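The values are calculated or read from the model by the stated rules, or taken from the named source; none is laboratory data. Since we're looking at a predicted model, the values are computed, not measured. Cβ coordinates were reconstructed from backbone atoms using ideal geometry, including for glycine residues, and neighbour counts include every protein chain displayed.
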Amino acid sequence: MKRIVYALLLMVTSHVTAQLTVKPEVLPQKPVSNTYFETTLNDPYQYLEDLNDPTVITWMKDNTNYSTSVLNNISGKQELFNRMKSLIERQSASISFLNIADDGTYYYVKRVPGEEIGKLYKRKGYKGKETLFFDPTQYKKEEGKIYTISDISPNIKGDKIAVSISANGSENPDILIFKNTGEQYKETLELASDVSWDLSGERFFYIKLNSADIKDVNRQIYISNYIHNVGTSQSEDQTYFSKADYATLNVDKAEYPLVIYIEETDKNILLPLSVDKDLKAFVSEPNVKAKWKPLLKKEDNVIMVDANETDLYLLTYNNAPNYKIVRLSNSNPVFSEAKTVVKESKDEIITNFELTKEGMYYATVKNGVEAHVYFLRHNSTSSEELKLPFTAGRADLSARGSKFSEIWVNLSGWTSPDKRYLYNPETKTFVFQPLSTPVEYPELENLIAKEVMVKSHDGVMVPVSIIYNKNMKMNGENSAVIYSYGAYGISTEPFFSPITLAYATYGGVLVVPHVRGGGELGDAWHKAGQKLNKPNTWKDGIAAAEYVIDQGYTNPNKLSIFGGSAGGIFVGRAITERPDLFVAASPMVGAMNTVRMEESPNGPVNTPEFGTVSDPEEFKGLLEMDSYHHLKAGTDYPAMLITAGMNDPRVIAWEPSKFAAKMQHDNSGEAPILLQVNFEGGHGGRTTLTQRLNDFSNLFSFFYWQSGHPDFQAKEPLKN
């Protein structure tokens, strides 16, 4: 009933806002200046950082109402929404968060057609009978909030499971605990996440945030790790790692003290985490007050750890930019004595690995788009390549652990739906094991993916993926959109998305430059787009834009660009450096004011990737990547759809809002500069299907409208 009411509410809201509202006035500037070393910066919209100011909130709401009316005035938006929904709901179910307990029980989140969010299910084995285990739509129903499952964690035996849920995208999780029968324990752990069960299965470690207020600058500073005994109140939990331990182990105040119990070694491992991919690790005996011994230093350049009963296996780029896998003895885990078991490849990047009873499987990618999988048997020195069922752009591995033989390979590509296979190393065969009924997409059959290398501003060749209809005319008159991310060493490997591909069904071209800052070409590629090297990220994007224009795919009056979160830097600096190349752009919950980022709760944890204003050289890098400070009055900017989430704990809402306010002030052209703030949402994801589809139908219909597509026109003239 609630889902039906919610759907009706959306329909009513859409109908009411379909009438155009008057464009809000440009927000007044208030002179404020900040001095960093010898540089003084004017910050005329710094007052928008006060999210408790009613004037600020009113301005955000007025802009959101206006942008909603403008977007709903685009003629083809609803049809695009319907097409996206039809494509995504063709699947019998959408499955995520799959966990397989030691007893073979499958726990997973499933959303079926007609539902807005996923529910937790279980079944005994792959072919077992499915039962509904937990329905988040019924949790605290009286509050009227939308709770979504953000993690599930069965204990080792599989007789208990911890479920993390958050409301309205806030990332303020509650942990609920259940018996495997479905009976719920009485306690709820608030602001708790990152569960790791110990061997007993009666208690677990978890991290607790300091505050539910996403505006609280101390929310993520000196956070503690606790031990919870199942069946007791959270108030009785003991700290396992607290503020006093930070200085002892030289842990930074903004790092997350993740504690994991490793069954294979019967040890606890402490991983103080940040956005820095280089792991720092300590080890201690279980079931005692931790006496931590050093295990890994950041200088060891380890990004992934796994173990069996005898050894630790590490994925590292130490003296191997394309990564290698090394092994340490559990009895004497000293990194300097590590033995290499998989050497670095010259042209393939090792992306992940899994241990099984028979050996180790690892996946690689070439040029960011060509996947390979290998198997190294125990006591063997040579790997064998698996012959994959089809050529894939991406290969993800999953296993039950080193005690078991099962290994699953998930394959996908730009135009190939994800397929899950169980591999048998003895017969060297794959068995198709989908988690939902396979579907066909005949309307996508003419889409092809082309992989090219494009010369960037400094002569470096950048891989670029181009997805388009094979019958398209290369006359420069096609609408096109560029998407990329380029941060944290995260690779944008080929992925299948009916939502994104719906854009191409209207004749548009999808362009994905694998820009520096990502990990597509190894650690060196990441470092080449980090801190003072960050300009390579957006300059690689600009090079891709120039390429698709020169090659006749599109022209500047039909080319758009978008990216989210850290990808906001990619978008914001591309359009502030080359506004002439794009007709429209959308930084989605983007990091647009990097100089001020450390003034937000999530800023300090991001300094390893972007830098800190307390360092004079790193400040220069932050200023160069700051889109807000690169806006210039009197510039004709592309049309903009700038989004923010009021419950966003990662990129606080004032960052994109400040950028929107200054662009509205500085823009000399007539293109709309829209700000859309989701007052019930966070950092994207963790939301309803309708909200997600609405976000992307807004995005792509806006781009098509601005590029002059005949199916996407303004029904009424805009009101100024």
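Assorted remarks:
- Qualifying residue in region 60-67 (condition: among the aromatic types (Phe, Trp, Tyr) and either over 24 Å from Tyr147 (Cα atoms) or part of a loop (DSSP other than H, G, I, E, B) (or both)): yes
- Test: residue in region 596-619 that is closer than 28 Å to Phe702 by Cβ, free of Cβ contacts under 8 Å to residues at least 40 places away in the same chain and within 24 Å of the chain's Cα centre (by Cα): no
- Residue in region 365-388 that is within 30 Å of Val464 (Cβ to Cβ), crowded, with 22+ Cβ neighbours inside 10 Å, in contact with a Leu (Cβ under 8 Å, 6 or more places away or on another chain) and not aliphatic (A, V, I, L, M) present: yes
- Only one entry in Thr364, Thr340, Thr351 is within 18 Å of Val302 (Cα to Cα) and in contact (Cβ under 8 Å) with a residue 60 or more places away in the chain, namely Thr351.
- Only one of the numbered conditions (1) surrounded by 19 or more Cβ atoms within 10 Å (Cβ to Cβ); (2) at pLDDT 95 or above; (3) part of a loop (DSSP other than H, G, I, E, B) is not met by Thr265, and that is (2).
- Test: residue in region 541-557 that is in contact with a Ser or Thr (Cβ under 9 Å, 6 or more places away or on another chain), closer than 30 Å to Ala320 by Cα and hydroxyl-bearing (Ser, Thr, Tyr): no
- Of all residue pairs spaced 6 or more apart or on separate chains, those with beta-carbon atoms under 6 Å, a first member in region 35-55 that is over 16 Å from Ser600 (Cα atoms) and a second member that is buried (at least 17 other Cβ atoms within 10 Å of the Cβ) are Tyr36/Val613; Tyr36/Phe619.
- Where Leu693 falls short, out of the listed (1) more than 18 Å from the chain's Cα centre (by Cα); (2) touching a residue at least 60 places away in the same chain (Cβ under 8 Å); (3) assigned to a helix (DSSP H, G or I): (1)
- Among the residues making up region 667-720, those that are buried (at least 16 other Cβ atoms within 10 Å of the Cβ) and acidic (Asp, Glu) are Glu680, Asp695.
- Filter pass, Leu501 being in contact with a strand residue (DSSP E or B) (Cβ under 7 Å, 6 or more places away or on another chain), over 23 Å from Ile350 (Cα atoms), surrounded by fewer than 22 Cβ atoms within 10 Å (Cβ to Cβ) and touching a residue at least 60 places away in the same chain (Cβ under 8 Å): yes
- Of all residues in region 18-74 being touching a strand residue (DSSP E or B) at 6+ places or on another chain (Cβ under 6 Å), hydroxyl-bearing (Ser, Thr, Tyr) and surrounded by fewer than 17 Cβ atoms within 10 Å (Cβ to Cβ), the one that is farthest from Met640 (Cα to Cα): Thr40
- Once region 81-101 is narrowed to residues that are surrounded by fewer than 17 Cβ atoms within 10 Å (Cβ to Cβ) and more than 22 Å from the chain's Cα centre (by Cα), the residue that is farthest from Glu130 (Cα to Cα) is Asn82.
- Residues that are of a type in the set (Phe, Trp, Tyr) and assigned to a loop (DSSP other than H, G, I, E, B), drawn from region 470-516: Tyr485, Tyr488, Phe495, Phe496, Tyr506
- When Lys324 is tested against (1) free of Cβ contacts under 8 Å to residues at least 60 places away in the same chain; (2) over 21 Å from Tyr488 (Cα atoms); (3) of a type outside the set (Val, Ile, Thr); (4) crowded, with 20+ Cβ neighbours inside 10 Å, exactly one condition is not met: (2).
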